[in-house]
Amino acid sequence: GTPQKYDPTFKGPIYDRGCTDIVCCVLLVVAIVGYVVVGVVAWTHGDPRKVIYPTDSRGQFCGQQGTPNEARPLRPLRPAGVLVERRPSPAAPRCPPPLQICVSKCPDRYMTYLTAYGNPSSLEYYRDFCTPEFGNSRKAPIEVLKDKECPAMLIPSTPLARRCFPAIQAKKGVIMVGNETTYDDGRGRRRNVTELLEGAKKANVVLETRQLAMKIFEDYTVSWYWIIIGLVIAMVASLIFIVLLRFLAGIMVWVMIVMVILVLGYGIFHCYMEYAKLKGEAGSDVSLTDLGFQTDLRVYLHLRQTWLAFLIILCVLELVIVLLLIFLRKRILIAIALIKEASRAIGHVMSSLLFPLCTFFLLCLCIAYWASTAVFLSTSNEAVYKVFNESACPFSGQTCKPETFNTSNVTKLCPDAQCLFAFYGGETAYHKYLIVFQFFNVFMFFWLANFVIALGQVTLAGAFASYYWAFKKPDDMPAFPLFSAFGRALRYHTGSLAFGSLVLAVVQVIRVTLEYLDHRLKAAENKFAKFLLSCLKCCFWCLEKFIKFLNRNAYIMIAVYGTNFCTSARNAFFLLMRNIIRVAVLDKVTDFLFFLGKLLIVGSVGILAFFFFTQRIKLVQDTAPPLNYYWVPILTVIVGSYLIAHGFFSVYGMCVDTLFLCFLEDLERNDGSAEKPYFMSQNLRKLLKMTNKGQPDA
C-alpha cells in the first residue's frame, strides 16, 4: 500500500505484490488441459461432412469419392423433392424409413414411374433418380417400387445446400410447382400442389432467402474495397479524434456535441424533404402494415410513412440529447477535466490504442476453437443401421451391419427384412456422454472468453495506474508500461482473473440454459412455469450486469494493489458506494460523452457512405459500383465503424475508470501533507483546489 511517509524513490502501490488465487490458477490450467483433450477426442471421432453433405438411405454421403454416389452430389428433400411410395403394414413393429437417393441433378418436370415405364426416353431420364444399383428396366413397376429402387414420382425442384427443394411459386395468388397446379401422385389420381406445402412449407421462404443472399453476395463482391476504404476512414477519424482530445479535450467535446446535434438536425431535414417529395405520388400513402414484409427493402423508401417514422425517431432523439445537455452542463465541465487527464495518460501509453486488437485476436481463437469443437462433437456419431420389415419379425428394430446382414439368420427367418440406415448415434461410453462434452465445451468457451477480456482490462488498468501513481509524471513511469502490466497480470494474477471470469461464466451458462428451457416450453400451456422462467431470466440478466460491473472495478484494484479477487471486489464496491455521487457525476457523464463520440464518427461515416453508394456525390458519381441493395455496403460500413470506434473508446473508458478509482483511493489515503502527498496530477489538484504541502508538484 501507500507508505506513511513520502519516499522520493517510491514508485507507487502497483509494484508491491505477490501471486493471488493460486487454487483458481491451477483449476484453470487443469480445465484447459481437459478442454484440449475433449477437442482432440472430438476431432478424432467427428466428421464435419455430415453437416455439409446429405446422405442416402444407406448413410453414404452424396458426392463422396470412392462410392456409387461419387457423381451424385444432390439429394431431394423428402417428402416433397422426390416422393416415395410407402407400404406400411399394421403388423410391422417398425416402418421402413423413407427412401433417400443421391442424384446428379434435381428433377425439372412432373413424372411418375408408371408413365415413364412405357417410354424408353422417359425411363432413361427417370433412371437418374433411382438407386445406383437399379438396372433391370424390364422389372415390373410394382416390384421396383416395393424394393424401393425408384421413387413413385418426381416433382420439379431447385437445388439449395446440396438438396432439392420443390420449385414452389405463387403467380397471381395461385400456388404453382413447375408452372402446374396439379400433379399425378403415381396412383393415377390428380392432386393439388397445395398438398405439397405442408411437406415443404418453408421451402419458398428458404428459396427467397437464397435469392436475397445471392444478391447481397453480389453487392459485396463489387463494393468490398469501398467498404474497406470506409472502415479505414472510420479508423483514421477515431484516431484523429482521440489525438485531438489529448490537446483540445474541452473544445473537442463541445464541438462533438454540436456536431451530433447538427448531424441529427440534417437527418431530420432530409427525412422531411423526402416525406414532402413523396406527397401525391401513387402508392406512397400505403401503410407499412398493409405492405407487409418485402425482400426488396427499397420498396419501403417509396412510402411516406417510412420517412415519417424516421423523422419522429430523429426528433425524439434530438430532443432527448438537448435536454440532457441542459441539465448536465455543469457536470460536463468536470468530465472534460477527467478526459484531459485520460488523454495525457494515453499520450504516454500510445500502444494501448492497439491493445484491443490483441484481445480481439484471442477472442477469435476462443470462438474458433469452440465452434470447431462443437461441430466435431455434433458429428462424431456413427451411422446406426436397424432391421426394418413389413411383416412380423422378432429382429425388427435391432441393430444390424449391412456387410454381414445377407448372411445372417435374420434374412432366413424374415425374408422381407432389410438392414437400412436409421440415424446417427452410438452406444459406446463416448457417445453416451456427448451431451456432457457439449456442455463442457460451452462452459469453457464462456470461461476462456471472459478470461481474455479480464486479461485485457487488467493490462490496461495496470498501464494507466502506473501513470497515476508516478509522483513525477512521466519520469517515474516504467519504460514499457503496457508490457509491464501484461507481464504482472500473467505472472501474479492469473488465478484472480480465472476466479472472476469463472463466476461470470457460471451465470452466463445458467442464462443460456434458461433461454434453452424457454425455447422448449414455448408451446407449453403452464402459465406459472412461463412466469417463473421469465422472472429467473430477468434476475440472472441483472446479476450478470452487476457481476460485469463489479469485475471491471475489481480488476482495476487488482492491477493497482495486487490483492486477491474477493478483497479487490469488496474494496472496489465499498469505495464506489462511499463515493456514489462522484460515480454518477464523473463516470456516467464520461460514458455519455463517449457515446456521443461514437455517434458522431458512425453518423459522419454513415452519411458519407450513403451519399457515395447512392451516387449523390457528383465528383465520384461514376465511381460508385452498381448495386442491388445500396443498404448492404452502407450498413456494413456503419456497423464496422461502430466496432472500430468502440475499440478506440473502450481504451479511453478503461483509462477513465482506472484514473477515477485511483483518484478516489488517493483522496481517501492521502491528505496532501509531507507524509501523505497526493499522487494526482497538478491539473487535477488545481481543479479540486488541493495542494501538496512541502512537496514539489509533478
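The values are calculated or read from the model by the stated rules, or taken from the named source; none is laboratory data. All values derive from a computational prediction rather than experimental measurement. Neighbour counts are summed over all protein chains in view; Cβ atoms, including those assigned to glycine, are modelled from backbone coordinates with ideal geometry. The accessibility values were calculated without ligands, DNA or RNA, using every heavy atom of the protein model including side chains. Shrake-Rupley method; radii C 1.70, N 1.55, O 1.52, S 1.80 Å.
Here are a few things to note about the model shown:
- Amide H contacts under 5 Å for residue 164: 75, 77, restricted to partners 5 or more places along the chain or on a different chain, H placed in the peptide plane at 1.01 Å from N.
- Segment 384-424, accessible surface, carbon-and-sulfur percent (1.4 angstrom probe): 56
- Projected label distance in nm at residue 333 and residue 546, using a 7 Å step from Cα toward the beta-carbon: 3.7
- Residue-by-residue Karplus 3J(HN,Hα) for segment 576-584, coefficients 6.51, -1.76, 1.60, Hz, glycine and proline x: 5, 5, 6, 10, 4, 5, 5, 4, 5
- Packing rank of 270-283, 228-241, where each peptide gets the mean count of other beta carbons within 10 Å, highest leading: 228-241, 270-283
- Percent of alpha-carbon pairs separated by more than 11 Å within segment 384-424: 57
- Accessible area per residue for segment 537-660 is 43 Å², calculated with a 1.4 Å probe on protein heavy atoms, without ligands, DNA or RNA.
- Under the Karplus curve 6.51 cos²θ - 1.76 cosθ + 1.60, θ = phi - 60°, whole-Hz ³J(HN,Hα) for segment 480-485, x wherever Gly or Pro sits: 10, x, 5, 5, 5, 5
- Spacing of the modelled spin labels on residue 108 and residue 290, each 7 Å from Cα toward Cβ, amounts to 4.2 nm.
- Residues 401, 50, ordered by accessible area of protein heavy atoms at a 1.4 angstrom probe radius and largest first, appear as 401, 50.
- Protein-only accessible surface order, largest first, of 444, 214 at 1.4 Å: 214, 444
- Other residues whose C-beta falls under 13 angstrom from the C-beta of residue 505 contribute a net charge of +1, scoring Lys and Arg +1 and Asp and Glu -1.
- For residue 154, the amide hydrogen comes within under 5 Å of the amide hydrogens of 111, 112, counting only partners 5 or more places away or on other chains and with H modelled in the peptide plane.
- Heavy-atom surface of segment 384-424, accessible at 1.4 Å and reported per residue (Å²): 57
- Phi-based couplings in Hz for segment 28-36 (Karplus 6.51, -1.76, 1.60; Gly and Pro marked x): 5, 4, 4, 5, 5, 4, x, 5, 5
- For residue 385, the residues whose amide H sits under 5 Å from its own are 400, 422, ignoring neighbours fewer than 5 places away on the same chain, with H placed 1.01 Å from N.
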